[in-house]
Structures are given as C-alpha cells and as structure tokens.
1. For a distance above 39 Å, tell me the whole-number percent of Cα pairs in the chain that qualify.
2. Please name whichever of P312, A264, V291 sits farthest to the positive end of the charge dipole of the chain, dipole taken about the Cα centre and charges placed at Cβ: Lys and Arg +1, Asp and Glu -1.
3. Give the shape of the range 203-262 as rounded, prolate or oblate, defined through the alpha-carbon gyration tensor: a ≥ b ≥ c are the square roots of its eigenvalues, a/c under 1.5 means rounded, and otherwise the shape is prolate if a/b is larger than b/c and oblate if not.
4. Which residue, N213, N116, N342, has the most motion in a Gaussian network model of the chain that connects Cα atoms within less than 10 Å?
5. Residues with amide H under 5 Å of M302's amide H, sequence separation 5 or more or different chain, H placed in the peptide plane at 1.01 Å from N; which?
6. Give me the net charge for the shell around A270: Cβ to Cβ below 12 angstrom, other residues only, Lys and Arg +1, Asp and Glu -1.
7. Using Cα pairs under 8 angstrom and six or more residues apart, how large is the relative contact order of the range 276-337, in percent?
8. Taking the Cα centre of the range 43-182 as origin, work out the dipole magnitude from +1 charges on Lys and Arg Cβ and -1 charges on Asp and Glu Cβ, in debye rounded to 20.
Amino acid sequence: MPHGRGTRRRRVPLFLIALALGAGFQPPAIAAPKAARAAPVPAAVLDAMRAEAGGDLRRFYAERGFKPLWVGPGGVGPQAATLIAYLDSADLDGLKPSSYDVDELRALVARARTGNPQALADAELALSDAFARYVRDQRGAGRAKMTYADKALKPKRPDTLTVLRAAAFPKSFAAYVDDMGWMSEHYVRLRRLVGHAQKQGASKAEMARLRLNLDRARVLPGPWVHHVVVDASSGQLWYYGDGKRAGTMKVVVGAPETQTPMLAGKLQWAILNPYWNVPDYLAEKSIAPKVLAGRSLASLRMEALSDWGPNPRKLSQSEIDWHAVASGSQVLRLRELPGGANSMGKVKFLFPNKEGIYLHDTPARDLLAKPDRHFSNGCIRLENAAELGQWLMQRSIRTKSKAPEQAVALPVQVPVYLTYITAVATERGVAFRNDVYGRDG
C-alpha cells in the first residue's frame, strides 16, 4: 500500500530548505543535484522503494533519485534506534508513544537487519513516515502565549514533504537526528529536564510549570533557521544559523512593571546614531523636575518637539510650561540627541510591532554585570550590539558619519523571538528562576 499523501509541485532555490521548519511556509519541490541521485545501496532496495512509496514520501524520494535517509551500505543506520528512542519517550513531549506504532516500527527495523531488499525498503519508508509524524506533532504550538507581530512566524504543523526536505538538507542526517536538529536547543534541554523531573518524582505543580516552559520553547525554530532568541527570564540572547548557535550575550530586559512581552517578529532595520524618544512618564517624573531646578535641555543633551508627527517643530525651552509637564497635565515629546551617552547607544535594531519593542546598544554597562537584569522599559539592551550587528548585516555596523537616525535595511529579515523560560538544570535536578513577571501561574 503506498505510503504518504500528495502535495502540489513547485520550485524554489535549494537554500530555502534550511528555513523549512521555522519560517512559517511550506518549501516546494526541487530537483535534486546529480550527486544525490547515486545511492550507495543495492538497486533492488531503490526499486522496492519506488514501487511502495506514495504521496509525499514518493515526491520526496523521487527528488533525490530514491536515495535513502535511514538505510546505508551497511543496512539500517544507528539513527533509526535514536528515532525509536524518541518515540518510546514521546510522553516527554506531551505526546503519546502509541500514536507512532513503535513496536511495529521496531519489528520492521529488525527484519531489515537480514539485508532483504524489500525489508530494507519497508523500514526506510516506515521510518520516514514515523519521523515526519513525530516532528509534525512536536512543532505544535501547545500552550505558549506568544504574540506574532509577523503572522508568517506563527507555528504551522509541517507536512511530510517539508519535514523530510529539511532533514535531508544538513550534510549529516545522523547528526541532525542525534541533536534533534529540527527543534530549538532550548526545547531539547527542557525535554531532558522533563525526564529528570519524572524520575525524581516532581510534584504535579512542578511538572505543570516545566511543561509550560517546554511549550514556550516548542515554538522556537531549530538552528538551521537564522534567528535570534531573547529570554526575558535569564536576561540572555542567542542567535543561530547554519545548524549551530552562532553567538550569545547578556541583555537587560523589562522591569516587572514594564515587562518585555513574549513576542515574535522579523528584524528589518538597523538605525545608526539613533535618538532616544523619552517616555512620557520620564519626561514628567525626571526631566521636567530637572529643568525646573535650573538645568537646560542643552545640558541634558535633549530637545523638545511640537508633536509625534513626521515633521515636528523644535520647541525652545521657554515655550514650554514645565510646571504643567511636571504635574502630568501636559504631555511633551522629548528626545535625547545621538552620541556616546545616548540611552540607545550607537545602534538600535527594529522589527515592526505594536508594543514598540526593539533591541539596542546601551552605555549603561553596569546593569549588564548584575545577575538580575530586569531594569528596562521593555526593550532589550545589548551587551555587544556591534557583534550582533555584524551577524545581522554581514558586515561591520561602524560608520564615520555622525548624521542622526541613519536607517540601514538588513540584507535579510531575521526572525526574533522574545520568550520567557524559567526552568533550569541544577546538580540536584530541576529548579526554577524567580518568576519575575508572574507568568508561570
């Protein structure tokens, strides 16, 4: 009986397959390079696969000349045992092992050990089918309460063709399976913690909290998708691409009263030498009292503007009723001029979102040294903005120009995920950071 199901054929560049499990779209069919058509397994195995495969499985294998993923010159590879172990422990993912016919799959792999071409073909197709179903179920959104500023990033369960193309893209399929490369490293770590917690007899409340953390990590892409992750619990940032973590750094995130939201969008712009638009409450509580005490806007390196429109008029200090601003009865637009002491630092990275959240440089280095880094108004202050900018822009972000607000489009829009993961591993097992935002229930 044919395996799999049908899908529509289209063509895209090969590099897009690396995005398949995290970019929110289905990569169409492509022609395999000639090198992928020569399979180092007996022709009888390929003939049996060609006869048995149907639907999405047939489309996938036809693209690669029916070259197997799981079967090599020596028979079924060790990655089959790794997959079966994942399926046996699918309860760690919040899934049911019984959904994947694990005993039947194990029996098919055992029969394939005889070297019979038909048995090898049956095992190959069954392993790919089970793998695709497992990945599809893992990629579900769960209970994560993420806001998607870019709807294309909202998780969608990938079909069989998508899963298998993404798995065939890395140079080492075995390493991809061993590392669970279709999932975020944060998910893999938390899945392991769920297992430890079960063995230690964790309480029902602890398990519920741990599984909530797992669901937050479930919506994050794997490392083959170029993306940035910010964890507002630990005050840490990571960025990924080409199948690995490319870098990490400390960040300052929102204070309890001005929380960094759980939010996903696409970074699109770098703004060099940015202004800092002063929040209304700081204009009222901090700037206005200083001016009333004798400070000038010039000494504060600030300027006042008539409105929030695209072409505001600059206001002189004498035009403003500072008592009204200090009392909160008048709202005033203030912005800090670009420069080394500007609260935005030398650069900020923007992604469209209604919350007004962005990533930016900071001159306040002392806050980055603190173990608890919940101090901002919700935006993310970067330990090393130049390093992240180099990765995002594929070149140095340094510029000789001192012109303010230089907008530079990123060469590729990069997904950014702001999450909140409180579960950590300790020598004794599983622990949780302080739930600063009160999101763990």
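1. Numbers: 32903 of 97020 pairs.
Beyond 39 Å sits 34 percent of the P(r) for the chain.
2. P312
3. Since a/c reaches 1.5 but b/c is at least a/b, the shape of the range 203-262 is classed as oblate.
4. Taking springs between Cα atoms under 10 Å, the residue moving most is N116.
5. Distant-sequence amide H within range of M302: L337.
6. Numbers: positive: K346, K348, R395, R398; negative: D361, E405.
Summing Lys/Arg as +1 and Asp/Glu as -1 gives +2.
7. Values: 79 pairs, mean separation 31.7, N = 62.
Result for the range 276-337 is 51 percent.
8. The calculated dipole for the range 43-182 is roughly 580 debye.
The values are calculated or read from the model by the stated rules, or taken from the named source; none is laboratory data. In this text, all values refer to a predicted model and were calculated from it rather than measured experimentally. As a convention, Cβ positions derive from the backbone with ideal geometry for all residues, glycine included, and neighbour counts pool all protein chains shown. We work out accessible area using only protein heavy atoms, side chains counted, and drop any ligands, DNA or RNA first. Shrake-Rupley method; radii C 1.70, N 1.55, O 1.52, S 1.80 Å.
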